[in-house]
Amino acid sequence: MVRYGTDEDAPSSTESMAYNVTLIPGDGIGPEVTNAAVRILEATGVKFEWESFEVGAEAFEKYQEYIPKELTESIERTRVALKGPVTTPVGGGFASINVTLRKKFDLFANFRPIRNLPHIPTRYPDIDLIIVRENTESLYSGLEHEVVPGVVESLKIITEKASTRIARFAFEYSRKNKRKKVHAVHKANIMKLSDGLFLRCSRTVAKEYPEITYGEHIVDNACMQLVMNPYQYDVLVMENLYGDIISDLCAGLVGGLGLVPSANLGEHCAIFEAVHGSAPDIAGRNIANPTAVIRCSLLMLRHLGEHDAAWKIRNALDKVYRTREKLTRDIGGKAGTSEFADSVIEAMESVAAAPQPSRA
Ligand code: NAI
């Protein structure tokens with residue numbers, strides 16, 4: 001059964017066993033930001049046994065495989081992974097590791113909560129919306145070929161099965177979390193068959209959830225509406241490519257790519273990774289913002305049923321942002337990645353492991 005992070009509910013696990021978790025530090029800023037998240041996770045008192053693996057170009061140098069067999073075996077065993085970003089070569093080279101892992105483990109739902117952190121100046125305060133991105137098909141099918149020299153075809157695959165299950169995920173999440181509206185984002189005015197099928201599936205599923213208002217916006221309009229008035233949205237569901245692009249737009253609304261987490265969820269496994277990429281322009285300098293990966297670990301803790309630890313991290317993050325003394329450069333501070341992590345760990349000593357009445 002697919003699980004996903006909610007803010008309240010369910011008591012924490014009382015077991016003191018260690019969780020086996022697959023760790024993929026990734027490349028670029030990946031090792032720096034995942035290291036920060038791992039230190040914070042360990043400071044919660046929850047016990048972890050990490051099974052750590054390289055992927056992509058680094059793995060190929062050592063094992064002649066972009067995704068080592070041991071890594072996939074580890075995920076099959078642990079069913080939970082925390083992943084840093086991995087560089088994908090542009091216009092050639094190996095296929096995206098991220099897309100390959102999502103397909104291999106059928107992680108069909110990409111869950112991306114978009115929320116402001118306290119005291120980060122943005123145009124809109126108190127944004128609270130959820131992006132639900134279909135994760136396995138659309139133009140990410142990888143089916144591309146040169147028809148004749150100078151003419152290339154990329155195939156967009158949309159199926160009834162995948163569209164129905166992502167719509168059901170969005171509505172189920174909304175019902176369980178008392179969300180009021182779901183909007184399907186599409187381009188069915190142009191892609192009448194593929195996006196038309198996606199919409200038909202969304203409409204069919206919507207009928208089973210009469211308490212939730214269902215709406216549809218064409219993707220270009222949705223971008224403009226998000227920039228003009230993001231408060232009109234609650235939960236947005238869309239195919240893969242639109243989800244990729246709209247997630248970055250929404251990250252911009254709440255302070256940038258360094259802040260937004262995501263969970264890739266399937267029936268059997270879950271991989272938690274930031275929305276951002278490997279940021280080669282700032283890699284290796286200890287200046288990346290680890291907040292997105294820290295928020296991923298928070299989603300992971302909720303997935304594991306460790307709600308107290310998740311609240312501790314969330315409240316500590318809020319405290320660090322409220323006091324503004326140790327923020328990273330992307331949001332106007334001077335602290336390094338590891339210094340930021342230190343201050344979250346320090347804040348964890350003085351915050352509650354429960355929801356706070358006011359986050360402001
Ligand atoms: P990017 O997200 O790596 O960087 C875009 C901009 O945001 C850069 O200016 C970067 O410095 C900044 N940024 C990103 N994360 C940040 C953080 N934590 N703290 C502070 N600033 C941050 O996107 P880009 O440059 O398009 O992609 C770089 C590589 O990452 C590509 O090879 C791409 O394929 C890969 N990528 C991997 C993903 C993954 O592994 N899940 C997701 C997105 C991209």
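The values are calculated or read from the model by the stated rules, or taken from the named source; none is laboratory data. This is a predicted model, so every value here is computed, not measured. Note that each Cβ is placed from the backbone with ideal geometry, even for glycine, and that neighbours are counted across all protein chains shown. These area figures cover heavy atoms from the full protein model, side chains too; ligands, DNA and RNA do not enter into them. Shrake-Rupley method; radii C 1.70, N 1.55, O 1.52, S 1.80 Å.
Across segment 267-279, what is the number of residues that are farther than 20 Å from Glu339 by Cβ and either more than 6 Å from the ligand (Cβ to nearest atom) or free of Cβ contacts under 8 Å to residues at least 12 places away in the same chain (or both)?
Number satisfying all stated conditions: 7.
Which of (1) in a helix (DSSP H, G or I); (2) modelled with pLDDT under 95; (3) open to solvent by less than 20 Å² (accessible area, probe 1.4 Å) does Pro118 not meet, given it meets every other one?
Every listed condition holds for Pro118 apart from (1).
Quick check, is Arg39 under 22 Å from the mean Cα position of the chain (by Cα), modelled with pLDDT of 95 or more and open to solvent by 50 Å² or more (accessible area, probe 1.4 Å)?
On the way: under 22 Å from the mean Cα position of the chain (by Cα): yes; modelled with pLDDT of 95 or more: yes; open to solvent by 50 Å² or more (accessible area, probe 1.4 Å): yes.
Yes; evaluated as a whole, the condition is true for this residue.
Check Glu51, Glu32 and return the single one that is at pLDDT 95 or above and away from the ligand (no atom under 16 Å from the Cβ).
Glu51
Let me confirm something: among Val205, Val219, Val152, which residue is open to solvent by 60 Å² or more (accessible area, probe 1.4 Å), assigned by TED's automatic domain parsing to the domain that holds Asp128 and of a type in the set (Val, Ile, Thr)? Write out each step before concluding.
Working: Val205 fails: open to solvent by 60 Å² or more (accessible area, probe 1.4 Å); Val219 fails: open to solvent by 60 Å² or more (accessible area, probe 1.4 Å).
So the residue among Val205, Val219, Val152 that is open to solvent by 60 Å² or more (accessible area, probe 1.4 Å), assigned by TED's automatic domain parsing to the domain that holds Asp128 and of a type in the set (Val, Ile, Thr) is Val152.
Which of the helices (runs of 4 or more DSSP H) contained wholly in segment 147-261 include at least 3 residues that are over 30 Å from Thr122 (Cβ atoms)? Break it down into steps so the answer makes sense when it comes.
Values: elements: 160-176, 194-206, 219-228, 240-253.
Those helices (runs of 4 or more DSSP H) span 160-176, 194-206.
Criterion first (open to solvent by less than 20 Å² (accessible area, probe 1.4 Å), within 8 Å of the ligand (Cβ to nearest atom), aliphatic (A, V, I, L, M) and more than 30 Å from Leu155 (Cα to Cα)) does Ala292 satisfy it?
yes
Answer with yes or no whether Ala263 is more than 7 Å from the ligand (Cβ to nearest atom), aliphatic (A, V, I, L, M), in the same structural domain as Ser74 (by TED's automatic domain parsing) and crowded, with 21+ Cβ neighbours inside 10 Å. If you could, list the steps in order and put the result at the bottom.
Details: more than 7 Å from the ligand (Cβ to nearest atom): yes; aliphatic (A, V, I, L, M): yes; in the same structural domain as Ser74 (by TED's automatic domain parsing): yes; crowded, with 21+ Cβ neighbours inside 10 Å: yes.
Judged against the criteria, Ala263 is a match.
Working carefully through the options Glu70, Glu76, find the one that is away from the ligand (no atom under 12 Å from the Cβ), open to solvent by 20 Å² or more (accessible area, probe 1.4 Å), in contact (Cβ under 8 Å) with a residue 40 or more places away in the chain and outside any loop (DSSP other than H, G, I, E, B).
Residue meeting the stated conditions: Glu76.
Could you tell me how many of the residues in segment 260-270 are farther than 18 Å from Arg165 by Cα and more than 9 Å from the chain's Cα centre (by Cα)?
Adding up the residues that qualify gives 0.
State whether one or more residues within segment 328-343 are touching a helix residue (DSSP H, G or I) at 6+ places or on another chain (Cβ under 7 Å), in a loop (DSSP other than H, G, I, E, B) and farther than 16 Å from Leu117 by Cα.
Checked segment 328-343: no residue is touching a helix residue (DSSP H, G or I) at 6+ places or on another chain (Cβ under 7 Å), in a loop (DSSP other than H, G, I, E, B) and farther than 16 Å from Leu117 by Cα.
If you go through segment 35-67, how many residues are touching a Pro at 6+ places or on another chain (Cβ under 9 Å), among the charged types (D, E, K, R) and in a helix (DSSP H, G or I)?
Residues that pass the stated criteria total 1.
Of the residues in segment 47-66, how many are open to solvent by less than 20 Å² (accessible area, probe 1.4 Å) and either of a type in the set (Val, Ile, Thr) or within 23 Å of Ala310 (Cβ to Cβ) (or both)?
Residues that pass the stated criteria total 1.
Return the pairs, sorted by first residue and then second, in which the second residue is within 11 Å of the ligand (Cβ to nearest atom) and hydroxyl-bearing (Ser, Thr, Tyr), the first residue lies in segment 326-346 and is in contact (Cβ under 8 Å) with a residue 60 or more places away in the chain, the beta carbons are less than 6 Å apart, and the residues are 6+ apart or on different chains.
Hits for this filter: Phe340/Thr328.
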